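These notes concern the structure reproduced below.
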Amino acid sequence: MKTKIKSKSQFTLVKRTIIIVAIAIAFSGMTKGYAQSEPFDTTRAMLINHPSVGENLVMTAVGGSSWIWTGPGNFYSTEVNAVITKVDSTDSGTYTLQLYDDLTDSTYTFTETIDVQP
């Protein structure tokens, strides 16, 4: 279907829509219930930054279809991308990701220790 773009604002809207759709397609494999077509790389299944005090701790699971994050201070999340905002020293410690993979019908456990820097 072709649509004639008549103004710059209409072009901007179309461009933004295309970008949003492209992002949604790119991240569609990171949502609950998504069945993978091939096994994920277990060496990169857990990505975590190492923030300083006041920054955000961002934890990303790469692959899988369901996730459980746990950590210090009774931290718990079932999101693929878990975030703790404005961390302090009490957020230092070991974080664990339990990742379920539909393709292999297996659960994997990954850990990483975070030391929040001043």
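Annotations
- Residue by residue, the stretch 49-60 carries 3J(HN,Hα) couplings of 7, 10, x, 9, 3, x, 8, 8, 8, 10, 10, 10 Hz when phi is fed to the Karplus relation 6.51 cos²θ - 1.76 cosθ + 1.60 (θ = phi - 60°); x denotes Gly or Pro.
- Using R0 = 30 Å, the C-beta based FRET efficiency linking Thr109 and Lys86 works out to 0.60.
- Distance between the 7 Å Cα→Cβ label points at Val53 and Tyr76: 2.9 nm.
- Highest average packing first - 85-97, 51-63, 105-117, Cβ atoms within 10 Å: 51-63, 85-97, 105-117
Where a number appears in this text, it was derived from the coordinates with a stated rule and is not lab data. Just so it is clear, the structure is predicted and the values come from calculations on it, not from any experiment. Using ideal geometry, Cβ is built from the backbone for each residue, glycine included, and neighbour counts are taken over all protein chains shown.
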